[in-house]
Amino acid sequence: MKITLLHHVALPVTDLEKSKSFYREILGLQEIPRAPFPFPGAWFALPGGQRVHLIVSSGQTFRSGKGIDQRDVHFALRVASYREALEELRRKGYTPEAADELHRIKVDPHSVAGFPQLYLLDPDRNLIEINAEKLDL
């Protein structure tokens, strides 16, 4: 088997419109046409051909009640500028001090991984890492 790329990440969601808004407005992803599955969902394009698939169906697994824990299941998005990503999230109300856990971010500019990271939750508590090649604060 010769794997050429990670094609997509599928995420369970409960409120499709609220989730679509998050992925469009907060992360800036572009919604693309979706195959006519017999259940609700949405697809979003990432550079390089990868995708994020949102799926609404019964029997899904959620991170119910969980906050930001970078050791839990998550996917990571690489950005060109850590500083710009952090500034944009702050303009949209996402800060480490936010009272609302769904608007709180965990900032780790000097991560042991060797590149700067930050974490946030989508409306269904799916954990998302945003990282950059280097720190540019």
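Taken across the range 40-63, residues that are touching a strand residue (DSSP E or B) at 6+ places or on another chain (Cβ under 7 Å), among the charged types (D, E, K, R), under 16 Å from LEU102 (Cβ atoms) and surrounded by 12 or more Cβ atoms within 10 Å (Cβ to Cβ) do occur, with at least one present. Take the conditions (1) free of Cβ contacts under 8 Å to residues at least 12 places away in the same chain; (2) of a type in the set (S, T, N, Q); (3) in a loop (DSSP other than H, G, I, E, B); SER57 misses just one of them, which is (1).
Just name the residue that is nearest to LEU121 (Cα to Cα) out of those in the range 1-54 that are among the acidic types (Asp, Glu) and in a helix (DSSP H, G or I). Walk me through how you get there before you give the answer.
Initially, the range 1-54 is screened for residues among the acidic types (Asp, Glu), giving 15, 17, 25, 31.
Keeping just the survivors that are in a helix (DSSP H, G or I) gives 17, 25.
On the way: GLU17: 16, GLU25: 14 Å.
Here the residue is GLU25.
The condition of being out of contact with any Phe, Trp or Tyr (no Cβ under 6 Å at 6 or more places or on another chain) and at negative phi holds for only one of ARG51, ARG71, that being ARG71. TYR82 falls short on exactly one of the conditions (1) modelled with pLDDT of 95 or more; (2) surrounded by 12 or more Cβ atoms within 10 Å (Cβ to Cβ); (3) closer than 15 Å to VAL13 by Cβ; (4) of a type in the set (Phe, Trp, Tyr), and that condition is (3). The one condition from (1) surrounded by 17 or more Cβ atoms within 10 Å (Cβ to Cβ); (2) over 30 Å from VAL112 (Cα atoms) that ILE68 does not meet is (2).
Considering only residues that are free of Cβ contacts under 8 Å to residues at least 12 places away in the same chain, more than 16 Å from ARG24 (Cα to Cα) and of a type outside the set (A, V, I, L, M, F, W, C), which ones fall in the range 36-54? Result: PRO36, PRO38.
Checked against (1) exposed (fewer than 14 other Cβ atoms within 10 Å of the Cβ); (2) free of Cβ contacts under 8 Å to residues at least 60 places away in the same chain; (3) more than 13 Å from the chain's Cα centre (by Cα), THR14 meets all criteria but (2).
The values are calculated or read from the model by the stated rules, or taken from the named source; none is laboratory data. A quick note: this is a predicted structure, and the numbers were derived from the prediction, not measured. Glycine also receives a Cβ, built like all others from the backbone with ideal geometry; neighbour counts cover every protein chain displayed.
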